[in-house]
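In what follows, a structure is listed as structure tokens, so that the remarks can point back to it.
The values are calculated or read from the model by the stated rules, or taken from the named source; none is laboratory data. Just so it is clear, the model here is predicted, and its values are computed rather than measured. Ideal geometry is used to build each Cβ from the backbone, glycine not excepted, and the neighbour counts take in all protein chains shown. Surface accessibility is based on the protein's heavy atoms, side chains included, excluding ligands, DNA and RNA. Shrake-Rupley method; radii C 1.70, N 1.55, O 1.52, S 1.80 Å.
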Amino acid sequence: MTDLEFVTMQNSTSVRSAGLPLPARLARPAFAALSALAPSLAAPIAERVFLTPPRHRAPQHESAALAAARRTIVRDGDSAVTTWTWGHGPVVLLVHGWGGRGAQLASFVGPLVAHGYSVVTFDAPGHGVSPERRSSIVAFVSAIQAVARTLGPVRGVVAHSIGTVAAGRALYDGLGADAAVFIAPPADLVLQAHTILETLGFGRRARELMQERVERRLGVPWSALDVRGYAAEMRTALLVVHDRDDAEIPWQDGAILARGWPGAVLTTTGGLGHRRILRDPCVVRGVTAFVAERVLPDAPARDRQEATASAVA
């Protein structure tokens, strides 16, 4: 079995076995019928579904973490990106995943601040306290770049799930970080998207038309957001952390990505799933140590950026 066959099997199985929320279960027959009868009419509905992330109430421990931070609004075109900052020193940026919030990575804040870093997180457009209803990977990337321009330079990145796709693209586009940590990263965003939409009932032709609509809206082909396409060119030190029991993005995805990124290190956990991995003390210690070994608080940020730029050029 090839890696792609494994990922296809795992994605299909894990998404279906996780079950759908009640509204999605009720809508699924209608999506399936419309896709079969009029895929061109189903495509814009699929597009709205695809670009509208779910929102969930933040638990108390996340709210408490944000209360201790310095809150700043960063302008990104017409969007206002809310950021939170702790500590002082070289900036380590925390990037949440689809349907997530910046505070979901709050477990990394204390240890990183104790090592002399300034830790910054944000709510991407369409997420958390952001006013927009819709979002995209392109919006994530733009928000990362806006935060880096305003509060950077960014020297380290810790990203989760779909946020790793945006962080990877930002690094490729020139974000001058010395170290990156990708937690539960997807290896194939297109496959992941089509699998989810298929589970919701959208047929193949409707999904294809949806992808075309999204590419026109965003102005980039989905292939430009595939980390595997440029991973071999990357020089940022990378740690990939993935749980074998992740029911949303299979562990094999992290292994594929780590294998394609020069010098990347893969760490495998068990029993933590897709989100509890962000709060596991062993994971937090390992991630902090990886960043601390590569982002030196006493190194001039400008010199480090110039060195990174020279290595990539």
Quiz item: If a residue has to be assigned to a loop (DSSP other than H, G, I, E, B) and under 20 Å from the mean Cα position of the chain (by Cα) to count, how many in the stretch 24-52 make the cut?
Solution: 1
Practice problem: List every residue pair whose Cβ atoms lie under 6 Å apart, where the two residues are 6 or more positions apart in sequence or sit on different chains, the first residue falls within the stretch 191-220 and is without any contact (Cβ under 8 Å) to a residue 60 or more places away in the chain, and the second residue, located anywhere, is part of a helix (DSSP H, G or I). | Solution: His194/Arg207
Quiz item: When the stretch 102-150 is examined, which residues are found to be closer than 20 Å to Gly219 by Cβ and aliphatic (A, V, I, L, M)?
Solution: Ala124, Ile137, Val138, Ala139, Val141, Ala143, Ile144, Ala146
Quiz prompt | Whichever residue in the stretch 177-200 is closer than 19 Å to Ala232 by Cβ and of a type in the set (Gly, Ala, Ser) and, among such residues, is modelled with the lowest pLDDT | solution = Ala187
Self-check item: Members of the stretch 156-196 that are surrounded by fewer than 24 Cβ atoms within 10 Å (Cβ to Cβ) and in contact with a Phe, Trp or Tyr (Cβ under 7 Å, 6 or more places away or on another chain)
Solution: Tyr172, Ala179, Leu189, Val190, Ala193
Quiz prompt | Meets criteria (of a type in the set (A, V, I, L, M), out of contact with any Cys (no Cβ under 6 Å at 6 or more places or on another chain) and in a helix (DSSP H, G or I)) for Ala224 | solution = yes
Quiz prompt | Counted residues, the stretch 90-141 - those being of a type in the set (Ser, Thr, Tyr) and open to solvent by 40 Å² or more (accessible area, probe 1.4 Å) | solution = 1
Practice problem: Name every residue in the stretch 53-89 that is open to solvent by 80 Å² or more (accessible area, probe 1.4 Å), under 18 Å from Ser136 (Cβ atoms) and within 19 Å of the chain's Cα centre (by Cα), in order of residue number. | Solution: Arg55
Quiz prompt | Filter pass, Ala43 being closer than 14 Å to Arg207 by Cα, surrounded by fewer than 19 Cβ atoms within 10 Å (Cβ to Cβ) and of a type in the set (A, V, I, L, M) | solution = no
Exercise. Filter the stretch 265-287 down to the residues that are of a type in the set (A, V, I, L, M) and more than 18 Å from Gly163 (Cα to Cα), then identify the one that is least open to solvent (accessible area, probe 1.4 Å).
Key: Leu272
Self-check item: Of residues in the stretch 237-264 being acidic (Asp, Glu) and out of contact with any Leu (no Cβ under 6 Å at 6 or more places or on another chain), the one most open to solvent (accessible area, probe 1.4 Å)
Solution: Asp245
Quiz item: In this structure, is Gly229 modelled with pLDDT of 95 or more, surrounded by fewer than 16 Cβ atoms within 10 Å (Cβ to Cβ) and small (Gly, Ala, Ser)?
Solution: no
